[in-house]
1. Can you give me the number of residues within the range 260-279 that are on the phi < 0 side of the Ramachandran plot and either crowded, with 24+ Cβ neighbours inside 10 Å or outside the structural domain of Ile109 (by TED's automatic domain parsing) (or both)?
2. Looking only at the range 232-246, count every residue that is under 18 Å from Ala290 (Cα atoms) and in contact with a helix residue (DSSP H, G or I) (Cβ under 8 Å, 6 or more places away or on another chain) and tell me the total.
3. Only one of (1) free of Cβ contacts under 8 Å to residues at least 12 places away in the same chain; (2) touching a His at 6+ places or on another chain (Cβ under 8 Å); (3) within 30 Å of Leu102 (Cβ to Cβ) fails for Ala129. Which number is that?
4. Please state which one of Tyr200, Tyr172 is more than 16 Å from the ligand (Cβ to nearest atom), of a type outside the set (Gly, Ala, Ser) and either assigned to a loop (DSSP other than H, G, I, E, B) or more than 14 Å from Val226 (Cα to Cα) (or both).
5. Determine which member of the set Ile322, Ile369, Ile340 is surrounded by fewer than 21 Cβ atoms within 10 Å (Cβ to Cβ) and touching a strand residue (DSSP E or B) at 6+ places or on another chain (Cβ under 9 Å).
6. Could you pull out the residue among Val248, Val237 that is on the phi < 0 side of the Ramachandran plot and modelled with pLDDT of 95 or more?
7. Within the set of pairs 6+ apart or on separate chains, which have a first residue in the range 143-159 that is assigned by TED's automatic domain parsing to the domain that holds Ile133 and modelled with pLDDT of 95 or more, a second that is among the charged types (D, E, K, R) and within 14 Å of the ligand (Cβ to nearest atom), and C-beta atoms under 6 Å apart?
8. Hey, which of the helices (runs of 4 or more DSSP H) in the range 1-96, taking only ones fully inside, have at least 1 residues that are outside the structural domain of Ala331 (by TED's automatic domain parsing) and polar (S, T, N, Q)?
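The values are calculated or read from the model by the stated rules, or taken from the named source; none is laboratory data. These numbers come from a predicted model, not from an experiment. Please note: Cβ atoms are built from the backbone with ideal geometry, for glycine as well, and neighbour counts cover all protein chains shown.
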Amino acid sequence: MKNLKDLSEKELLFKGAGENLLPHYAMVSEIREKGPKILSRGEGALLWDIDGKEYIDGHSILWVANIGHGRKEIAEAASAQMEKFAYGSLFGGYYNEPAIKLAMKLAEITPGDLNAIFLVSGGSEAVEAAIKIARQYHQRKGYPNRYKIISRRESYHGVTYGALSATGLRIYRTPFEPLVPGFVHVPAPYCYHCDYGKEYPDCEIECADAIEDTILWEGPKSVAAVIGEPVMSAAGVLAPPKEYWEKVRAVCNKYEILLIADEVINAFGRTGKFFACEHYGITPDIMTFAKAMSGGYAPIGAAAVSKKIADEFVDWMFVHGITYGGHPVSATCAMKNIEILEREKLPGRAEEMGRYLKEGLNSLKSHRIVGDVRSIGLHSAIEYVKDKKTREPLSGKERVASKIEEISWQRGLYLCRASVDKTYVAPPLVIEKKQIEKVIGILDEAIGIVEKDIK
Ligand SMILES: Cc1ncc(COP(=O)(O)O)c(C=O)c1O
């Protein structure tokens, strides 16, 4: 056994990754066997690992790096803020300048009257805050029994206990049960595997009606909020027809239930608009966002609330606080990030490049296992199936998406977060056409190799 100081820098990193740093959603034994994938540099839509090998970032590293990597102007702004005032909290009535300016900017760009912003450090915290705001709001209005949250199956809203209780993907829930009481799940608008065996438009959006049925069954005066991602991301880019969200908005209004739009992935240009709600022409009562809010340059998230809600918290305190909520350096990065998104018109670019990416992804349907390709802006997913005719899903044992991810990595394409049967393709909004062509070429090859082993 070598002494630590005899190890090369790379050997040291491999040892630390295998023994000291616990991965998120990954198997330690596999990492030890294959070696960790260690990224060290990024620029635009490109990444380099510690050996200097180049990759296209096919996933904006978890849907975060919308403006691309290596933006010097953000680094400079963050550094100046760190020197001036690195940390300040929003507890107890103290403020800092970047947090105030960011809140004002968010109030300006979010739809409707979402003018009051609660700053946190990430997506799960944003969802926690939204759920707590909804429950406390109803208490204030004199309805303490309005506590239930209606969510969709297949949804992902984060992993802290409240957010996880809203999450509808069972794989993330079952190891941690029992979860928080009062969360109810309804079918997702998953047209490719419709719960009702119907097809749009003949279905008349029965999955949206299921929300009203559930409200009536639970008792309208027991429901605090309906939460949903306008475009479901982890479920595999499910963008429901416009009428879906119109119906859900109307039903929430009818029973005075709050609508929470979880835009943690959708927001900041990913779908071709600044916020995905804009595709549907609806304004939620609460909107959550995180991820691309700072482009990944610093951790930050938020819950934006409408005037109607904010007014209830003027002489009644929202009993909630997060140490890093309103962090001045994160707020500075988020502000610069928004400035770049606006200046370079990146949401529009996502729409344009998204069309090009979609064309390429559609060409992959010639593969036997590619059942469906879904996309909106630069937000897309490929769904693999065992049988295209019956849409029979692949079993977890086949690990198709993981194998495709691994082969893609070897060929210079980074695609983290492969699920059992889906590959997410969501590159930075600055991606070039040539790079998109390379992404498609690598995926074509990887899918071709993996499908040979599928019986
Ligand atoms: C829609 C949605 N909400 C919440 C979260 C949780 O965000 P975080 O991982 O930053 O806690 C995610 C993460 O992917 C998400 O997709």
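1. Step one: list which residues in the range 260-279 are on the phi < 0 side of the Ramachandran plot, which gives 260-267, 270-271, 273-279.
Of the ones still in play, those that are also either crowded, with 24+ Cβ neighbours inside 10 Å or outside the structural domain of Ile109 (by TED's automatic domain parsing) (or both) are 260-267, 270-271, 275-277.
The qualifying residues number 13.
2. 1
3. Answer for Ala129: the failing condition is (1).
4. Tyr200
5. Details: Ile369 fails: surrounded by fewer than 21 Cβ atoms within 10 Å (Cβ to Cβ); Ile340 fails: touching a strand residue (DSSP E or B) at 6+ places or on another chain (Cβ under 9 Å).
After ruling out the rest, the residue left standing is Ile322.
6. Val248
7. His157/Asp262
8. Output list reads 28-34, 60-63.
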